[in-house]
Amino acid sequence: MLASDAVRYEDATAGVAESAAAPAAPHHERVARNILVVLTSQIAVWIAGSGLGVLLPRYLGDTSIGRLTFAFSLASFATVVVLFGSEPYLAREVARRPQDGPHLAFNALILKVPLALVSIGTIVLFVNVLGYPAVTRQMVYIFAAGIIITAVSNTLSSTLQGLERLTLTSFASIIDKVLSGVLGVGAVVLAGQGLLPYALILVGASLLSTGIVLAYFLRVVGFSYRLDLAVWKELLRGGVPFVLWSVALMIYGTIDITMLSLMTSDEVVGWYGTAYRFIGIATFFPSAITLALLPNISNVGVMESRALIRRCLDLAMLLSFAITVFFVVGASAIIDFLGYPAGFEHTALLLRILAWHIPLTTFAMIAGVVVIASNREAPRTKAAIAAAVVNPILNLAAIPYFTRAYGDGAIGAAITSVMIEVFMTSVMFALVPSGVFDRGNARTMLRGLGAAVFMAGAMVLAAPYGLIPMFVLGCTAFGVGAIVLRAVSVGELLEIGQKIARRGESGA
């Protein structure tokens, strides 16, 4: 048994209140440790997930990758509806009133039951009415079961995030990715199995990691086990801006995949999905920062956390410039190094285009946390809705044009995607309260761009010798350039290392 059902609401909230009342380390150090915890897990997840992710196209081919990409994106869209904006709302509200965490989490889970039934039924009907191939429909059915698992996991993790208890959830995500990676390699690469066993492995690994998080949650937080319609109303009302944002984000972020599946072929979707997989991997660092920042600045205050936010932005943007250059200059070398079959040469150009997402998304993610903590999510949602309307319109023109002119409609989808991201990043910048970012951030970004130029030159010089020399020489050139141009100093690096390594009185 995970925990006794007889756990009372008062006992659970008392434990949370006691934890919240315990002496805490200074918030800069606490956030630094939380970033380290999440970043460590993200790197492990990145290694485990990307290990199989970059191998899949080699063994499955572009057609199968296209079907997998479509099925996963469709299930992801349904998941957004089921979550109904509860993730950021729960994290923010639990950070502000930790004693209500057990009550909010329990009612959030119960509220998701009817949402899950409607969402799953909708996507199942969608793939059957439009006559998708049998294997695609079967993958959608498997991922539909995973929607419920994801809803439970994300609700629990968001509550724990608000309580700044990130260690176990990070550990569970490592188990998820390592298990799915190891079994996935065994099934797809070694045993020669196809898409359906791989999809089952993904859902099974997610179920195991969710069980771990649930056991931990019941032990350290617990549920109130009391239905409260007032809380339902609060969650629905408070989640509306977030769910509208999430739905709009999914539309303008994934509608291109659905449109490509309807207007081109599975092969084209496979090229596009493979390029996007690399871009998704690159967001591990800003994701770690935002997970650690949101509960802290929601509790302490945005203006009081300006120095911390600025430092996080500087570090995240510097890393994003380096990753962008690596993908732009090394795209063809990456595809060759991984030994992808014929057809995936199209992915190199798509990767070069989509790589410009990385610095834009990095800035937008950190600015978005500031916007949420400032309770300014409503205008952000309006901008996302506008992007969700414009994106399909642009794709209706871009995909057919690039299909006719270049034989690859995914080029049009990639260009449209970057254009929309430029718009959304501009909106985020405008919504951040005045005084949070300063000229120092702009100077650091300009110096980081200069270091990126050094890196690009070094990679071009090393290109005849293969991907590994390009990576090593490029990273070295970027590091030297960043120090020479004073984008970062040796003293800062030592200071950051000392803060992360320092043991405070309370754990992350």
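Read the figures in this text as sums done on the coordinates, not as results from a lab. All of these numbers come straight from a predicted model, not from anything done at the bench. As a convention, Cβ positions derive from the backbone with ideal geometry for all residues, glycine included, and neighbour counts pool all protein chains shown.
Note the full-extension length gain between Ser426 and Ala307 as 0.36 nm times their separation in residues minus their Cα-Cα distance, in nm to one decimal. The partial results should precede the final answer.
Details: separation 119, 0.36 × 119 = 42.84 nm, distance 2.18 nm.
Between Ser426 and Ala307, full extension yields an extra 40.7 nm.
Give me the distance in nm between label points sitting 7 Å out from Cα along the Cα-to-Cβ direction at Ala442 and Ser332, one decimal.
The modelled label-to-label distance comes out at 3.8 nm.
With the cut-off at 39 Å, report for region 11-437 the share of all Cα pairs above it, as a whole percent. List each step's numbers first, then the result.
Details: 14137 of 90951 pairs.
When all Cα pairs of region 11-437 are counted, 16 percent exceed 39 Å.
Please order Glu377, Glu164 by the number of other Cβ within 10 Å, starting at the fewest.
On the way: Glu377 24, Glu164 28.
Going from least to most buried by this count: Glu377, Glu164.
So what's the net charge close to Thr79: Lys and Arg +1, Asp and Glu -1, counting the other residues with Cβ under 13 Å from its Cβ? Can you show the working numbers first?
Working: positive: Lys112; negative: Glu87.
Net charge around Thr79: 0.
Need one number: nm distance between label points at Ile468 and Leu262, each 7 Å from Cα along Cα→Cβ, rounded to one decimal.
If labels sit at Ile468 and Leu262, their model points lie 4.7 nm apart.
Looking only at region 434-464, which residues have a backbone nitrogen under 19 Å from a spot 7 Å from the Cα of Thr476 in the C-beta direction?
What the label zone holds, given the 19 Å backbone N cut-off, is 451-464.
Once R0 is set to 30 Å, what does the formula 1/(1 + (r/R0)^6) return for the Cβ-Cβ distance between Ala215 and Val118, expressed as a FRET efficiency to the nearest 0.05? Provide the component values of the computation, followed by the final result.
Numbers: r = 29 Å, r/R0 = 0.97.
Approximately 0.55, to the nearest 0.05.
Using modelled amide H (1.01 Å from N, peptide plane; none on Pro or chain starts), what sits under 5 Å from the amide H of Trp356, excluding residues fewer than 5 places away?
Excluding prolines and chain starts, which carry no amide H, there are no hits.
With a point put 7 Å past each Cα toward its Cβ, work out how far Phe126 is from Lys233 in nm, to one decimal.
It works out to 3.2 nm between the two label points.
What order, most packed first, do the peptides 264-276, 223-235 have when packing is the mean number of other Cβ atoms within 10 Å of each residue?
Details: 264-276: 25.2, 223-235: 14.9.
Sorting 264-276, 223-235 by mean packing, highest first, produces 264-276, 223-235.
Determine, for His346, His103, His357, the number of other Cβ atoms within 10 Å of each Cβ, and report the residues in order from fewest to most. Write out the running numbers ahead of the final one.
Working: His346 22, His103 19, His357 26.
Ascending number of Cβ neighbours within 10 Å: His103, His346, His357.
For a quick protection proxy, order the peptides 253-261, 337-345 by their average other-Cβ count within 10 Å, most packed first. Kindly include the intermediate steps, with their values, before the conclusion.
Values: 253-261: 22.7, 337-345: 15.1.
Sorting 253-261, 337-345 by mean packing, highest first, produces 253-261, 337-345.
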